[in-house]
Amino acid sequence: MRAGDPARSLAAFRRTLGAPRFELEPARDAEGRGRLMLRGRLAFSHAAALWRELRKHSMGVQRGQTFDLDMAGVESIDGGAMALLTHLRAELQQRGVGCELVHAADSVQQLVHMYSGDVAVGRRKRRRPIGTLDQLGRATMGIVHEVQLVLAFLGQVTVAGLAVVRAPGTANWRELTPTMERVGADATPIVVLINFLVGLVTALQSAPQLERFGASIFLADLIGLATVRELGPLMTAIIVCGRSGAAFAAELGSMKVNEEIDALRTMGFAPLRFLVLPRALALMAVMPLLTLIADAMGMLGGFTIATLTLDITPIGYLNETQKAVGLDDVMQGLVKSSMFGLAIALISCQQGLATTGGAEGVGRRTTAAVVTTLFSLILIDAAATIFFRGLGYE
Amino acid sequence: MNDVLIRVEDLTIGWDGVVLQAGVSFEVERGDIFVLLGSSGCGKSTMMRHMVGLENPISGRVMIAGHDPSKRDVGAPPFGVMFQSGALLASMTLWENVALPLQGWTDLPPDAIDAIVQAKLRLVGLQGTAAQMPSELSGGMKKRAAIARAMVLEPALIFLDEPSAGLDPVTAAELDRLILGLNDNLGLTVVVVSHDLESIATIGKHCIMLDRESKSIIAAGDPRELSKRSDDPRVRSFFHREPLEAAR
C-alpha cells in the first residue's frame, strides 16, 4: 500500500473497527405509539451506519405521530452517537413528531442531559434564500456605505490638514523623512528598471512602423512625449501603488485590528494627523522625483533602440527630443504624478483604517486598496489629460 | 463628601443594532480600584471603550472629571489606557512606545525623556528591555510595557483591560502587586476590566457586575463582600465558579 493514500488508509482504519455492535428495531407500545428500540454499543466509529439506520427508520414518520428513541437496551454510547440521536430528536420534534429519548440507564441519561437531549426544542428558524433583487439591493447599499466612508474620510483628512496648517506642531513630522525614504529611495531601482524597459519596448514596437514611412527620427518625439506625459507618471504610480499603497493599507489594517489605532487615540494622537498626513505628504513629495527618474529612463530606453537599430545618431535623437518635449510637457506629468501620490496614500490609508475582522480583513482591505487605487489612477489620468487639453496643451 | 471622578449616567451601549448594556449608571471615586466584572460577552470591554471615549453610546453619557471623553480633541490625555493585548505600536521599540506621549505632549529635553522612560520601565520590571521590539516580548511583558506607557504622563486615572488574562499565576500576581502599589503610593484611580477571581479579590475595592441576559448591573459593592454575602445566584455562580444551575 502506498503510504499516505487517504482512501486506503481509511479502509484499513475501518477494518480495525470491526462490524457495528448495535441494533435498531422499530416497535409499538401497548397504546400503539411508535418507538425505535436501540440496543448494544453506539459508538462514533460506526456513526455512518447508525445515521443511515436512524434515517431509514424515521423517514416515514408523519406529523402528529410518536417516534420515541428507547434507550433501555443501550449498553454504552459515546458523544458522537449521542449527538446524532439528539439531532434526530430535535429534527423530528420540529417536524411535529413526538420524539423523546426514553428509558435510558443513569449513566446514559447523564450523557443525554449533557447533549441537551432532554430539553425543549425551540422552533426552527427558517432561513429564507436571498433573492437576486435582495442581493442587488444589499450590494448597492454596501457600495453607498463605502462611498459614504470615503467621503467622510476625505472630509476628515481635509479638516486634519487645515488643523496642521494652523498648528504645525501637532503633525507627526518625524514620520515624514523615513516614509519618504521607504516609498521613494527604496523604490528607485524598480522604477529605473521598469521605465527603461517600457521605453525600450515602446520604441521596439514603434520603430519598424515609423521606418516604413521614412519617419524614424520621429521615434524621439513619440517616446519623449509619451513618456513624460503618460507612461512615466502612470508606470511610476502603478509601481508605487503595488509597493507602498499595499504596504500602507496592510500596515494600518494590522494596527487597526491590533488596537494600536485605539491606543494612539487614547494617548491623544489623532490617527489622521499621526499616520495619514505624513504618508500623504511623503508620497506627494516623492512621486514627482520618481517620475523625473522614470522620464529619464523611459527616454533612455527609446534612445538605446533608436541608436542601435535605426539609422539615427545619438546627437540627432537628443536634438529631436529637445525639440519635441517642452517644459510644460514635463510639468504636466509631474502635476499628474503628485495627484497620483495623493490618491495612492489616501485610498490606501482609508482602506487600512476601515479594516475589521482580523488577518482576513487586512488581506481583503489590502487587495481592495490596490484595486481601487489602480482604477482611480486611470480615472485621474484621463481627467487630468482632458483638463490639460482644455487649457490648450496639445 | 465623596469625590467622584467618573460618572456614568444612564448609558446604553452596543453595536450593529445589538444592545449589550441598557441604562447603566454608576460612579467611580477618586483613589478607587474599581473593577468591571461579568461573564464573557456581557460588554465589560465595550463599557471600558465607552468610558475612555473610543465609542459613542447609543444613549446616556460618561463624564470624567466633568468632561465627556468622547469629545476630547488631540492633546495630552487626562488618563492612561492599557488594552488587553497591550496594543504597543509594533513598528517602535519599547523605549519609543513609552516615550511617545512624552515626545508628543511635553517639551522635555531628550535626556529627561530618557530618564523618565527608563524609570517607568524599571517600575514595571522591564529594565534592560528598552531596545526590544514588541514582537520580541512575552504577553506579560507587553502588558507591563503598556502599563508603563499608560502611566508615563502621570495621569490620575488609568484603565486596564484584562490585565491578568493569559498570564501565568506568578506574573499575574506581580501585576496585581504593581497595580496595588500604584494605587497606594501614587493615589492613582484604577478602573479594571477583569473576570480573574483571584485578581479581583486581591486588588478590587469596589466593583459592579454586568449581566449579559438582563443587560444591566446585577451587583455592586466590595467584591469580597459580594462573594460571601450575595443572594443573587448569578453573582454566587460567578464568584464560586459554579454553573448557574448549581448556584440556583
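The values are calculated or read from the model by the stated rules, or taken from the named source; none is laboratory data. These numbers come from a predicted model, not from an experiment. When we count neighbours, we look across all protein chains shown, and the Cβ atoms used for this are built from the backbone with ideal geometry, even at glycine.
For residue B:121, which of the numbered conditions (1) surrounded by fewer than 20 Cβ atoms within 10 Å (Cβ to Cβ); (2) more than 28 Å from residue B:12 (Cβ to Cβ) fails to hold?
Residue B:121 satisfies every listed condition except (1).
Restricting attention to the range B:72-82, and to residues there that are aliphatic (A, V, I, L, M) and closer than 15 Å to residue B:48 by Cα, which single residue is farthest from the other protein chains (Cβ to nearest Cβ)? Before the answer, list the steps.
First, pick out the residues of the range B:72-82 that are aliphatic (A, V, I, L, M): B:74, B:76, B:81-82.
Still in the list and also closer than 15 Å to residue B:48 by Cα: B:81-82.
Numbers: B:81: 4, B:82: 9 Å.
Among residues in the range B:72-82 that are aliphatic (A, V, I, L, M) and closer than 15 Å to residue B:48 by Cα, the one farthest from the other protein chains (Cβ to nearest Cβ) is B:82.
Inspect the range A:296-318 for any residue being among the acidic types (Asp, Glu) and over 18 Å from residue A:215 (Cβ atoms) and give the result as yes or no. So that I can check it myself, show each step before the final result.
Let us first name the residues in the range A:296-318 that are among the acidic types (Asp, Glu), namely A:311.
From what's left, over 18 Å from residue A:215 (Cβ atoms): none.
No - not one qualifying residue is present in the range A:296-318.
In this structure, does residue A:14 turn out to be assigned to a helix (DSSP H, G or I) and at pLDDT 90 or above? Show your work before the answer.
Numbers: assigned to a helix (DSSP H, G or I): yes; at pLDDT 90 or above: no.
Taking the combined requirement at face value, the residue does not satisfy it.
In the set B:138, B:85, which member is more than 12 Å from residue A:266 (Cα to Cα), within 14 Å of another protein chain (Cβ to nearest Cβ) and at pLDDT below 90?
Details: B:138 fails: within 14 Å of another protein chain (Cβ to nearest Cβ).
Only one candidate passes the filter, namely B:85.
Among the helices (runs of 4 or more DSSP H) confined wholly to the range A:283-394, which include 2 or more residues that are crowded, with 24+ Cβ neighbours inside 10 Å?
Values: elements: A:314-324, A:327-353, A:358-390.
Fully inside the range A:283-394 and qualifying: A:327-353, A:358-390.
Can you name every residue in the range B:60-105 that is farther than 28 Å from residue B:135 by Cβ and out of contact with any Gly (no Cβ under 8 Å at 6 or more places or on another chain)?
Selection gives B:61, B:63, B:64, B:65, B:66, B:67, B:73, B:78.
Looking only at residues in the range A:258-304 that are closer than 20 Å to residue B:147 by Cα and touching a residue at least 12 places away in the same chain (Cβ under 8 Å), which one is farthest from the other protein chains (Cβ to nearest Cβ)? Reasoning before the result, please.
Initially, the range A:258-304 is screened for residues closer than 20 Å to residue B:147 by Cα, giving A:258-269.
Applying the additional criterion that residues be touching a residue at least 12 places away in the same chain (Cβ under 8 Å) yields A:261, A:269.
Details: A:261: 9, A:269: 6 Å.
Filtering the range A:258-304 for residues that are closer than 20 Å to residue B:147 by Cα and touching a residue at least 12 places away in the same chain (Cβ under 8 Å), the one farthest from the other protein chains (Cβ to nearest Cβ) comes out as A:261.
Listed here are the residues, each with its yes/no results for (1) of a type in the set (Ser, Thr, Tyr); (2) in a helix (DSSP H, G or I); (3) on the phi > 0 side of the Ramachandran plot; (4) without any contact (Cβ under 8 Å) to a residue 12 or more places away in the chain.
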| position | (1), (2), (3), (4) |
| --- | --- |
| A:130 | no, no, no, yes |
| A:135 | no, yes, no, yes |
| A:153 | no, yes, no, no |
| A:157 | no, yes, no, no |
| A:180 | no, yes, no, no |
| A:192 | no, yes, no, no |
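State all residues of the range B:38-48 that are buried (at least 22 other Cβ atoms within 10 Å of the Cβ) and within 14 Å of chain A (Cβ to nearest Cβ); if no residue qualifies, say none.
Keep residues of the range B:38-48 that are buried (at least 22 other Cβ atoms within 10 Å of the Cβ), which gives B:38, B:42-44, B:47-48.
Result: B:48, single match.
What single numbered condition from (1) surrounded by fewer than 15 Cβ atoms within 10 Å (Cβ to Cβ); (2) under 16 Å from the mean Cα position of the chain (by Cα) fails to hold for residue B:127?
Tallying (1) surrounded by fewer than 15 Cβ atoms within 10 Å (Cβ to Cβ); (2) under 16 Å from the mean Cα position of the chain (by Cα), residue B:127 fails exactly one: (2).
Select from the range B:88-100 the residues that are at the interface with chain A (Cβ under 9 Å from one of its Cβ atoms), crowded, with 18+ Cβ neighbours inside 10 Å and touching an Asp or Glu at 6+ places or on another chain (Cβ under 8 Å) and list them in ascending order.
B:88, B:89
If the Cβ limit is 6 Å and pairs must be 6+ apart or interchain, which residue in the range B:53-71 that is facing chain A (nearest Cβ under 10 Å) pairs with which residue that is surrounded by 15 or more Cβ atoms within 10 Å (Cβ to Cβ) and among the aliphatic types (A, V, I, L, M)?
Going by the 6 Å Cβ cut-off, the qualifying pairs are B:69/B:52.
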